[in-house]
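The values are calculated or read from the model by the stated rules, or taken from the named source; none is laboratory data. These figures come from a predicted structure and were not determined experimentally. Cβ coordinates were reconstructed from backbone atoms using ideal geometry, including for glycine residues, and neighbour counts include every protein chain displayed. Quick note on the areas: whole protein, heavy atoms, side chains included, nothing else; ligands and nucleic acids left out. Shrake-Rupley method; radii C 1.70, N 1.55, O 1.52, S 1.80 Å.
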Amino acid sequence: MVKKAFSAPGKALLVGGYLVLDPQYRSYVVALSSRMHAVVSQAAPCDKKGFKITIKSSQFNNDEWNYMVEGEAPFVVRELDGRKNPFAEKVVEVIMNYCQPAPNRMGDILVEIYSDPGYHSVGTSILKRNSYKEFRFHDETITKVPKTGLGSSAGLVTVLVSALLSIFKPNLDVGAEEDLVTIHNLSQVAHCQAQGKVGSGFDVAAAVFGSVMYQRFDPELINKLPAADSLHYGQALRQLIDETDWKFMHENITLPPGLRLIMGDVNNGSETTKLVAKVKTWYQQNIPRSLEIYQKINQGNVSFIEGIGKLVSLSKESPSEYSSMLESLNSGTDFESYDIFRQIRQAVEQIRSKFRLITNESGADIEPLVQTQLLDQSLNLKGVLTGVVPGAGGFDAISLIVTEKSDIPSQTQNDSNFSSVTWLNLRQQNMGVKDEVPEHYANFT
Ligand SMILES: Nc1ncnc2c1ncn2[C@@H]1O[C@H](COP(=O)(O)OP(=O)(O)O)[C@@H](O)[C@H]1O
Ligand SMILES: C[C@@](O)(CCOP(=O)(O)OP(=O)(O)O)CC(=O)O
């Protein structure tokens, strides 16, 4: 039996929150070392009129979803026991209508899902490992376990699309741009359909392509697809996936050498959809001033991206100058005398001050006072270049860019200002979807 395995990273949107919903603005997304995994295998065909796709998530109280595929296109899939997982269901539906297999000639498919520890709060879970991997096993179903906000659904959709597609397209090569674009387009469609809305898609883009400078696709591409049970769905889907230029930007980026990202989990309390709705209302009610504010934020975003790019270039062109800059950042002495560091700090301050203004005026807690205080105190720690409330903001987390040599947890452990922060054990990892070894997912004890 052929087995294959894939993994895809979680994300942190460092700059570009809210603006990224509009195709004209670019954002900066860092892929993280916490990854989602899928191991897929197919049984030999047997003489039946349909076949079953089983998706198993043993880490979440042995969650399992079984989808029956029968008849002919358009394929409408149903879960045999009425169990809901909209993301899994939409992936199965999208892949079936895109690949259009002959159900009577297919063997049953099993996909086992694993997610790295960073995605969910530890709670009462048990860590199990083998020599290659370690995962946390929870005693509750997936919807009951609190998330940390790394984009579990985007990761799930991306690895599931890769796994199922690899059955129908055995030469699928996740190292090839063309195949990655196919995985991306299919994943965006399934993810939007499962969410019931077309978000910016930066989380799916990072899961597929890794750390990227991202500018979104036109939401109409997905909005204008016919309904999944329509006779034209398969054809429209294939055209959209294979023959349409989505015109989105996904330029690979990397943080400068010697710097790394750290994430602090603060609390579990912000709902992105509510924040987005409040900001949209505020925006509409305050045109043209809101546009000017967005333009100021965008200036900050572009200046941040440019500053990071300058550091990457400097590290290559003048390594000794670069390393003394890092030294001064690490020791906290005089580093503001360096123009590029100042540019990055000022850019982030411009972004943050405008988001504080939007927070006050819209009632959406993008950078609430507690987070302002936390970030300002973080800037005084040794080795911290800058810090933001990632993504939609709120009370969930903070992200800091720090020197590799700094030890933020030990600088903050006895500091009551940081008592609400749990530093997450993850780092940036630029790689998007990648092949894994199926045998590495067995015998966890
Ligand atoms: N490990 C997993 N196994 C199965 N389904 C998962 C897993 N992780 C996430 N999901 C699916 O994604 C949903 C969470 O998506 P969502 O609420 O959008 O959170 P996020 O912001 O992390 O993407 C879960 O309810 C489940 O349907
Ligand atoms: C506001 C946004 O621009 C960014 C939201 O970023 P998060 O990283 O907070 O996202 P979730 O994981 O979905 O909560 C909305 C968007 O781009 O879709």
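Would you be able to say whether some residue in segment 222-237 is closer than 22 Å to residue 160 by Cα, within 16 Å of ligand 2 (Cβ to nearest atom) and in the same structural domain as residue 11 (by TED's automatic domain parsing)?
Yes - at least one qualifying residue is present in segment 222-237.
When segment 17-29 is examined, which residues are found to be more than 16 Å from ligand 1 (Cβ to nearest atom) and assigned to a strand (DSSP E or B)?
Correct list: 27, 28.
Is it the case that some residue within segment 309-320 is surrounded by 14 or more Cβ atoms within 10 Å (Cβ to Cβ) and closer than 27 Å to residue 149 by Cα?
yes
Could we say that residue 348 is under 19 Å from residue 404 (Cβ atoms), modelled with pLDDT of 95 or more and of a type in the set (A, V, I, L, M, F, W, C) here? Explain how you work it out, then say what you get.
Numbers: under 19 Å from residue 404 (Cβ atoms): no; modelled with pLDDT of 95 or more: yes; of a type in the set (A, V, I, L, M, F, W, C): yes.
Considered against the rule, which asks whether it is under 19 Å from residue 404 (Cβ atoms), modelled with pLDDT of 95 or more and of a type in the set (A, V, I, L, M, F, W, C), residue 348 comes out as no.
With the structure loaded, tell me whether residue 420 is small (Gly, Ala, Ser) and modelled with pLDDT of 95 or more or whether it fails that test. Explain how you work it out, then say what you get.
Values: small (Gly, Ala, Ser): yes; modelled with pLDDT of 95 or more: no.
Against the criterion (small (Gly, Ala, Ser) and modelled with pLDDT of 95 or more), residue 420 does not qualify.
Output the qualifying pairs, or none if there are none: Cβ atoms under 7 angstrom, residues six or more apart or on different chains, first residue in segment 140-166 and on the phi < 0 side of the Ramachandran plot, second residue among the acidic types (Asp, Glu) and within 16 Å of ligand 2 (Cβ to nearest atom).
Between residues of segment 140-166 that are on the phi < 0 side of the Ramachandran plot and residues that are among the acidic types (Asp, Glu) and within 16 Å of ligand 2 (Cβ to nearest atom), the close pairs are 148/265; 154/203.
Quick grid of which residues meet (1) away from ligand 2 (no atom under 16 Å from the Cβ); (2) touching a Leu at 6+ places or on another chain (Cβ under 9 Å):
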| position | (1), (2) |
| --- | --- |
| 13 | no, no |
| 25 | no, yes |
| 42 | yes, yes |
| 56 | yes, yes |
| 60 | yes, no |
| 70 | yes, no |
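Could you list all residues from segment 127-152 that are closer than 15 Å to residue 426 by Cβ and of a type in the set (Phe, Trp, Tyr)?
Answer for segment 127-152, where residues must be closer than 15 Å to residue 426 by Cβ and of a type in the set (Phe, Trp, Tyr): just 135.
Would you point out which residue out of 105, 78 is without any contact (Cβ under 8 Å) to a residue 12 or more places away in the chain, surrounded by fewer than 20 Cβ atoms within 10 Å (Cβ to Cβ) and either away from ligand 1 (no atom under 15 Å from the Cβ) or among the acidic types (Asp, Glu) (or both)?
Details: 105 fails: without any contact (Cβ under 8 Å) to a residue 12 or more places away in the chain.
Within the list 105, 78, the selection yields 78.
When residues of segment 385-405 are filtered for being within 16 Å of ligand 1 (Cβ to nearest atom) and among the hydrophobic types (A, V, I, L, M, F, W, C), how many remain?
Going residue by residue through segment 385-405, those that are within 16 Å of ligand 1 (Cβ to nearest atom) are 389-397, 399.
The next check asks that each one be among the hydrophobic types (A, V, I, L, M, F, W, C); those that pass are 389, 392, 395, 397.
The qualifying residues number 4.
In segment 27-52, which residues are farther than 23 Å from residue 154 by Cα and of a type in the set (D, E, K, R)?
Initial filter on segment 27-52 (farther than 23 Å from residue 154 by Cα): 42-52.
Result: 47, 48, 49, 52.
Can you name the condition, by its number, that residue 56 falls short on among (1) surrounded by 14 or more Cβ atoms within 10 Å (Cβ to Cβ); (2) touching a strand residue (DSSP E or B) at 6+ places or on another chain (Cβ under 8 Å); (3) charged (D, E, K, R); (4) modelled with pLDDT under 95?
Of the numbered conditions (1) surrounded by 14 or more Cβ atoms within 10 Å (Cβ to Cβ); (2) touching a strand residue (DSSP E or B) at 6+ places or on another chain (Cβ under 8 Å); (3) charged (D, E, K, R); (4) modelled with pLDDT under 95, the odd one out for residue 56 is (4).
Open to solvent by 10 Å² or more (accessible area, probe 1.4 Å) and under 24 Å from residue 51 (Cβ atoms): is that true of residue 183 in this structure? Write out each step before concluding.
Values: open to solvent by 10 Å² or more (accessible area, probe 1.4 Å): no; under 24 Å from residue 51 (Cβ atoms): yes.
No.
So if I check each of 255, 261, 237, which one is assigned to a helix (DSSP H, G or I), in contact (Cβ under 8 Å) with a residue 24 or more places away in the chain and either buried (at least 19 other Cβ atoms within 10 Å of the Cβ) or touching a Lys or Arg at 6+ places or on another chain (Cβ under 6 Å) (or both)? Spell out how you get there, then give the answer.
Numbers: 255 fails: assigned to a helix (DSSP H, G or I); 261 fails: assigned to a helix (DSSP H, G or I).
Step by step, each of 255, 261, 237 is checked, and only 237 is assigned to a helix (DSSP H, G or I), in contact (Cβ under 8 Å) with a residue 24 or more places away in the chain and either buried (at least 19 other Cβ atoms within 10 Å of the Cβ) or touching a Lys or Arg at 6+ places or on another chain (Cβ under 6 Å) (or both).
Kindly indicate whether any position in segment 158-165 is open to solvent by 10 Å² or more (accessible area, probe 1.4 Å) and either assigned to a helix (DSSP H, G or I) or at pLDDT 95 or above (or both). First the steps, then the outcome.
Going residue by residue through segment 158-165, those that are open to solvent by 10 Å² or more (accessible area, probe 1.4 Å) are none.
Looking through segment 158-165, none of the residues is open to solvent by 10 Å² or more (accessible area, probe 1.4 Å) and either assigned to a helix (DSSP H, G or I) or at pLDDT 95 or above (or both).
Could you check segment 168-232 for helices (runs of 4 or more DSSP H) lying wholly inside it with 1 or more residues that are within 16 Å of ligand 1 (Cβ to nearest atom) and more than 14 Å from the chain's Cα centre (by Cα)?
Details: elements: 177-195, 202-209, 220-223.
Here the list reads 177-195.
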